[in-house]
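Engineer: Following this message is one structure expressed as structure tokens.
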Amino acid sequence: MIELILKGGLSYLLGSIMGSLTVARLTGGVDIRTLGSGNAGATNALRTQGKKLALAVLLIDLAKGWIATAGVAAWVIPGGDTAAYAALAAWSAPVCGIAVMLGHVYPIWFGFRGGKGVATLLGAVLGIKAWLLLPMILTWLAAVIAFGYVGLASILGAFALALAVTLTRSGTPLVCFGILSALLILYTHRSNLARMRAGTESRARRLWLFGTRRGPA
């Protein structure tokens, strides 16, 4: 149990390294939490700072999710209880995945005001089982094309993960990870849902991936 707590704590601290805010500090840029939607994620970086910065943010946020579940989770702590480690091994990556997402959403280094966790979730899933990205991405694409709301697509993509691990009987640890991740993504997008209900959410053209967009609906 101590191993899980330690790995979870390290993953949380890793998640607290915000891509957008770190890049801003290194380059003398602005805190994007003061711009656009006020979110510190790649989507707001794209809308307010352009493609290059958004790509850098996306890569950092993906990388920390992957490092947590593929690296920190697999770390064998010297002098640890080998028997206990083996018994809890299946929980290691799921715990690190949730922890790194919480670090991204509530970063200790940046006043607990972070992003919405989608890119970090993708990185975490990549480190756990890469094939699980397929239902997430396909659902996200279908939702964006059908409805035009990126926030809604992100929520549905996260729930597609929860459904996939449940239907494939991936084990209790991964099922818990999938459900908790989906609920966290739903929670972090509550403002998007409120704007959708109010009719003020920014909406992309249904085929925006093919080069066309429109402003708020």
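Engineer: Ignoring ligands and nucleic acids, what accessible area does Thr69 show with a 1.4 Å probe (Å², nearest 10)?
Structural biologist: Around 10 Å² of this residue is reachable by solvent.
Engineer: Hey, can you find the accessible area per residue of the stretch 93-136 for me, probe 1.4 Å, expressed in square angstrom?
Structural biologist: Spelled out: the 1.4 Å probe surface of the stretch 93-136, per residue, equals 36 Å².
Engineer: Summing +1 for each Lys or Arg and -1 for each Asp or Glu, what net charge is found among the other residues whose Cβ lies under 14 Å from the Cβ of Ala70?
Structural biologist: Net charge in that neighbourhood comes out at +3.
The values are calculated or read from the model by the stated rules, or taken from the named source; none is laboratory data. This one's a predicted model, so the numbers in the text were calculated from it and none came from an experiment. Neighbour counts run over all protein chains shown; Cβ positions are idealised from the backbone, glycine included. Quick note on the areas: whole protein, heavy atoms, side chains included, nothing else; ligands and nucleic acids left out. Shrake-Rupley method; radii C 1.70, N 1.55, O 1.52, S 1.80 Å.
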